[in-house]
1. Listed highest first by mean packing, meaning other Cβ atoms within 10 Å per residue, what order do 50-56, 120-126 come in?
2. Can you tell me the order of 73-81, 90-98, 160-168 when each peptide is scored by its average per-residue count of other Cβ atoms within 10 angstrom, highest first?
3. Can you tell me the accessible area per residue over the chain, all protein chains present, probe 1.4 angstrom, in square angstrom?
4. On the protein heavy atoms, probe 1.4 angstrom, tell me the percent of accessible surface of the chain carried by carbon and sulfur.
5. Quick check: convex hull of the Cα atoms in the chain, volume per residue, rounded to a whole Å³?
6. Among 41-48, 182-189, 149-156, 132-139, how do they line up from the highest to the lowest mean number of other beta-carbon atoms within 10 Å?
Amino acid sequence: MSDTRPDGDGRTAPGEPGAGLGNAVRQRRRALDLTLAVVAERSGLSVPFLSQIENERARPSMRSLQRIADGLRTTAVELLAASSATDRSVDVVRAKDDSGLAADTGVRPLVRGNHQMHALEFTGAQHADREFLHGNDELMYVADGTAEVEADGRSYRLERGDTLYLTGGVRHRWRATSPGTRVLLVSVSGHGPGT
């Protein structure tokens, strides 16, 4: 098992804005009829740390959330969507809104609730240490800075204003290649109204 407080994890109090991610993790784990020990083994995180997340006493970094999602056979984006009870047809997400993640993750959900579209903003250093494979389409837009994407056996350098479209089923990884990079990722989900 790894340490109990992986990279950049913080703490939160129950009832704070953004609380709910722990509940989403717990509901997914219970729906799969898994113990914390099994999720810990699958994710490489400790049982006490997972318990703190489920009880809203700790906030995961994006990397930790991805590891938890892997252990729960879902995605970090799906867990973030499930953490928000906001399924309104019109919703404003303010720049200062609490995401439920550790403060220094550089990741901010741009859409709340369980919808067919998910969008995340990544700011700052992001590393290509993880490969992604999504069942549905995804769009990457570089708002500031530069990024490098490896997809379908090729490497793509993206600059400010560039867009990369990936169809579902394409393995890919990406990283920011300059300070101050800001990337928007928009993806289609199989969840939400009408599915």
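1. Sorting 50-56, 120-126 by mean packing, highest first, produces 50-56, 120-126.
2. Sorting 73-81, 90-98, 160-168 by mean packing, highest first, produces 73-81, 160-168, 90-98.
3. Accessible area per residue, the chain: 52 Å².
4. Within the chain, the accessible surface is 48 percent carbon and sulfur.
5. 120 Å³
6. 182-189, 41-48, 132-139, 149-156
The values are calculated or read from the model by the stated rules, or taken from the named source; none is laboratory data. Bear in mind that the values here come from a model prediction, so they are computed numbers and not experimental data. All Cβ positions, glycine included, derive from the backbone under ideal geometry; neighbour counts span all protein chains shown. Side chains included, ligands, DNA and RNA excluded: accessible areas come from the protein's heavy atoms. Shrake-Rupley method; radii C 1.70, N 1.55, O 1.52, S 1.80 Å.
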